[in-house]
Amino acid sequence: MNRTERNRTKTDGAWNRLYQRLEEDRLVPAKEAGGLRMSPLWEWGAVAAVLLVVLAYAGIHYFSEVESPVQYSLMVQQNKEASTLVTTLEDGSIVYLGGETSLQYPEHFLPEKREVILQGNALFDVVGNRSRPFLIETGLVRIEVLGTAFNVKSDELRTFELSVQRGRVKVTFKKNSQEVYVQAGETVTLRKEGFHLSMNRDDAQFAHYLKHIRFKDETLANILRVINLHSPEVQLKTIPSLERRKLTVAFSGESPDAMAELIGMAMNLKCTREGNTFILSE
């Protein structure tokens, strides 16, 4: 059976299924033994309805054969522990997930935007890209950033709160589309009457995420990058052939050199020091 014959068979099947449904719903006259009795108006209406179904089906069938749409796999990171779970996204943005927090994100971001879904509390360090905004969906608000670091508290048991460490963030209340821009050093809180803007009163909230951190199936390159961001005096490096190797590891207040030693032992690597740089190699 060639493609034309297959399409004709599918079209006939679509007609029969549609007419049977319309007949059951009494939207067209029922067939009689002597043949179908249908007024011209009903006939044109039925034909138009079937054409819509057939054309829609044919279009879907055609495009499914010619070109399959790009699929975006949805990833989920769930932190059920008290320590912080650190995740690096495809664009290099880092998310520090607090306890009882989940993050949903695509394996590959769309070309025009980077969008994630957050439930709970998290610290975001977003890579700047003005042509590709970073969007965070929570239960009550929508957050839009271009490149900044900020803390989001969006768990259901507490009032929504966002504090900006650096950069600028736009927050939109979904219920009434109210918008507010939050600058570095400011905190926005969602109350019954809407947003309330104030100065940050708790600078320790950002450092809180770094006291006890975990990495789950994270590449060595991403782990070292996160450590280096918070220890400018001492840097950890590795050789290119090891950067994509993955590791699950936890730290609780260790110094950067101690972290380098722990990683070396966990991955059976050598750890050598050159000045203020620790190098992991085979």
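Each label was represented as a point 7 Å from its Cα along the Cα-to-Cβ direction; for ARG191 and PHE173 these points are 1.1 nm apart. Distance from the alpha carbon centroid of the range 107-121 to that of the range 222-277 works out to 28 angstrom. Need one number for the range 211-281: average projected area of the convex hull over its C-alpha atoms, nm². The Cα convex hull of the range 211-281, projected and averaged over all directions, gives 4.1 nm². By DSSP, the beta bridges lying fully in the range 74-206 are antiparallel in about 95 percent of cases. Number of Lys-Lys pairs in the range 101-246 with C-alpha atoms under 25 Å apart and a separation of 8 or more places or on different chains: 18. Summing charges over neighbours of GLN165, with a neighbour being any other residue whose Cβ is under 9 Å away from its Cβ, gives -1 when K and R count +1 and D and E count -1. Here r is the Cβ-Cβ distance between ILE239 and ASP91 and R0 is 30 Å; the resulting FRET efficiency, rounded to 0.05, is 0.80.
Once the Cβ-Cβ distance of ARG166 and GLU137 is raised to the sixth power relative to R0 = 22 Å, the FRET efficiency obtained is 0.45.
The slack between ALA250 and THR219, meaning 0.36 nm per residue of separation minus the straight C-alpha distance, is 9.8 nm. Modelled label positions at THR272 and ARG130, each set 7 Å beyond Cα in the direction of Cβ, lie 4.4 nm from each other. Computed from label points 7 Å out along Cα-Cβ, the spacing between GLU112 and GLU156 is 3.3 nm.
Residue order for LEU85, LEU74, LEU262, LEU269, fewest other beta carbons within 10 angstrom first, comes to LEU74, LEU262, LEU269, LEU85.
Laboratory data are not the source of any read-out in this text; all were calculated from the coordinates shown. These numbers were taken from a predicted model, which means no experiment stands behind them. Positions of Cβ are generated from backbone atoms using ideal geometry, with glycine treated the same way; all protein chains shown enter the neighbour counts.
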